[in-house]
Each structure stands twice: as C-alpha cells, then as structure tokens.
1. Mind counting lysine pairs for me in segment 187-255? Cα separation below 16 Å, and the two need to be 8 or more apart along the chain or on different chains.
2. What distance in nm lies between label points placed 7 Å from Cα along the C-beta direction at residue 307 and residue 171?
3. What relative contact order, as a whole-number percentage, does segment 198-278 give when Cα pairs under 8 Å and 6 or more residues apart are counted?
4. Please list, by residue number, every one of the chymotrypsin sites (Phe, Trp or Tyr not before Pro) in segment 104-182 that is coil in DSSP and has at most 16 other beta-carbon atoms within 10 Å.
5. Amide H to amide H, which residues 5 or more places from residue 61 or on other chains are under 5 Å from it, using H placed in the peptide plane?
6. Would you mind ranking 326, 289 by Cβ crowding within 10 Å, fewest neighbours first?
7. May I ask you to evaluate 6.51 cos²θ - 1.76 cosθ + 1.60, the Karplus curve with θ = phi - 60°, for each residue of segment 140-147 and list the ³J(HN,Hα) values in order in whole Hz, giving x for glycine and proline?
8. Rounding to the nearest 20 debye, state how big the charge dipole of segment 187-255 is about its Cα centre with +1 on each Lys and Arg Cβ and -1 on each Asp and Glu Cβ.
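Each reported figure results from applying straightforward, stated rules to the coordinates on display, with no laboratory input. Not measured: the values here are computed from a predicted model. Glycine also receives a Cβ, built like all others from the backbone with ideal geometry; neighbour counts cover every protein chain displayed.
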Amino acid sequence: MLDIDGSYGEGGGQVLRYAVALSVYTKKPVEITNIRARRHKPGIRPQHLTAISCIASMCNAKTEGLSIGSSRLSFFPGNIKAGEYKFDVGTAGSITLIFQACIISALQTKKPIKINITGGTDVKWSPSWDYFKKIFLPLISSMGVKVEANLIKRGYYPKGGGKAEIKIHPINKIKSLTLDNNPAFKKIEGIINISNLPNNISIRMKHTIFKKSINNNFQTSIDIEESKSDSPGVGITLWSISNKAILGSSIIGEKGIPAEQIGDKSINQIINQINSKANIDFFAIDQILPYMMISDNPSKCRVSSLTNHASTSIWLLKKFFNKDILIKKNNNLIEIFT
C-alpha cells in the first residue's frame, strides 16, 4: 500500500483526488493521511466525498475513513465497471474537478461510462465549465482520450445546483503530448457566462476584452451566454489555439469587483501567456501531467511558470510511476519532459 501525505505541497483536495484516481488506474491501494491539513476546514469536504464515492462505485472499491471531516482515507481499488453514475455534491463544490478525477480513473474501461454530477460548474479555485470543455478536453483528446461533455445548467456559489454530464469512451492507449514548438497565436476566443445579473455587466467585460485585444493586434470572438441559475454568477473563459497548442485563462466574477477589472484581468492573463512563448498554460499543466506520465511515449511542453499545484502533481505522480519527469529552465520558460 502506498502511503501519501495529504499535507504535502499544495496540500489541498488535489492530492486526495489524484491519489485515489491514480490508485484505480495503477491498481495500487493507497492510504492518505493529513488530508487537507493546511486548509481552514481540514479533512474531506462534500465535493471530495462525492468524487471518491463516484470513483469507488465505478471500481467496486473498499474504503476506510470515507466521511466528511475525515483526515485519513484507505482506498482499495477494484476493476472498473461500465454504466451510468449520478451524484449530487449538495453544495457548490466543483463538478469539473470531480470529472477530472473520474476520467483518470476510467481510462482502462472496456465500455462507455456516463457520469452525471450536480454541484458547481463555475466556482473559484477550479476550472470553469468552459475551460474544462474548450481547453482541458481538447488537450487530452489530442492524446487519444475520448470524452463527451454536456452542460445542463450552470451552478455558482453558494447554492450550486449546476448539472453536467460526461461520457467516457474506451481507448487503446494514451498518446504522447505533441504541441507546437513555435506556436503562432493570432486569435482569442471566449465565453462570458452570466446568470441572474444585469446584462450590462457582461457587455462591459466584453468591451474591455475587445479593446485590449485590438491594441495587441489579436482577432477576437467573444460569446455571451445568459442563463438562469440557483445563485447569481458571472465568469470569463478565454482561449487561443495554434494547431495543437491551446492557451487559456479563466476568471470568476466577484461581488464588489468592477466588470472592467474582471475583463482586464482575463485578457491580460492570456496575452501574457501568449507573449511568454509557452505552448501550454500554467493552469493546464498540472491537469495534463498524469496523462503525460501514463503515455508510453515521451512527451514535452513549455510553460511560463510552474505552479504549486504542478509541483505537487509531479511529487505525487512519482510515487505511482517508475518514470522520470525532467524540468529544465530555458530563458523565461520552463520545459517539462516525460
């Protein structure tokens, strides 16, 4: 059994979710201690309980310590079984983070698996729904992973109530990550999602993004998606594509912060990524690293910076795989090789 210190590095739910997902993929039992020890509310929270319960159901796993507030979890994986699974977080806990853990767990499925989750689709500290669909899924699709995603309803903090589903298809193997060495990002695309708020907020965000894009010589296409939800909310996801390379940014609006400031932050974020000459953004790298490690063939990419999340992912992945991850600084970029 692998012993995992849940307080290491980033010390949040990422260690817990990835450890369980990788346990299923490698068929190695794990014991995770000090779960989320550095957080204001340590231990397993509702969104983590939902993620692990879903994964445990998919593989007939045996668990010890799977309860709200628990600081220790033992997980004994079984074999993945196809079917349909439905769970409700009960809060605005992130649906996309749950889906990401489920996808890794289900990579060896022999038949399609359908998962429906109720919770938060666009919440802080997690990929927005549009980032998940427009950036994360295309990246793993380029590595051979086949996932269909469908948004049913947006869900924001504090009530959640969002609904989304994915269908994970069987695959033969994970291909290496091959991105443009010299990407030419010319167009910025995006979605502003807004619910239960005046539409002038999204319009002001869009105007701010367009103004900065034009000043930096980028073609720009931004859609505004209005909907009804259990709680009001607004967010922006932007992306730019150059062949197989995708860079993205995602910002959730907050009460008291002007629309122009949110728009400015989002467009600055992606322009800075483009100007850095990276071919994958610093949000995506920790989400893609597990697939780079699982692939039998070498992968490589360039990021502008290595986040604490990414460093934590590297530490955890080395516990499951007998494979090196090489980190090399090249001018202002960080190159990652597996």
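1. Summing the qualifying lysine pairs gives 4.
2. With each label point 7 Å from Cα toward Cβ, the separation is 2.1 nm.
3. It rounds to 33 percent for segment 198-278.
4. Filter output for segment 104-182: 125.
5. 78
6. Lowest to highest Cβ neighbour count: 326, 289.
7. 6, 5, 5, 9, x, 7, 10, 9
8. Computed about the Cα centre, the dipole is about 280 debye.
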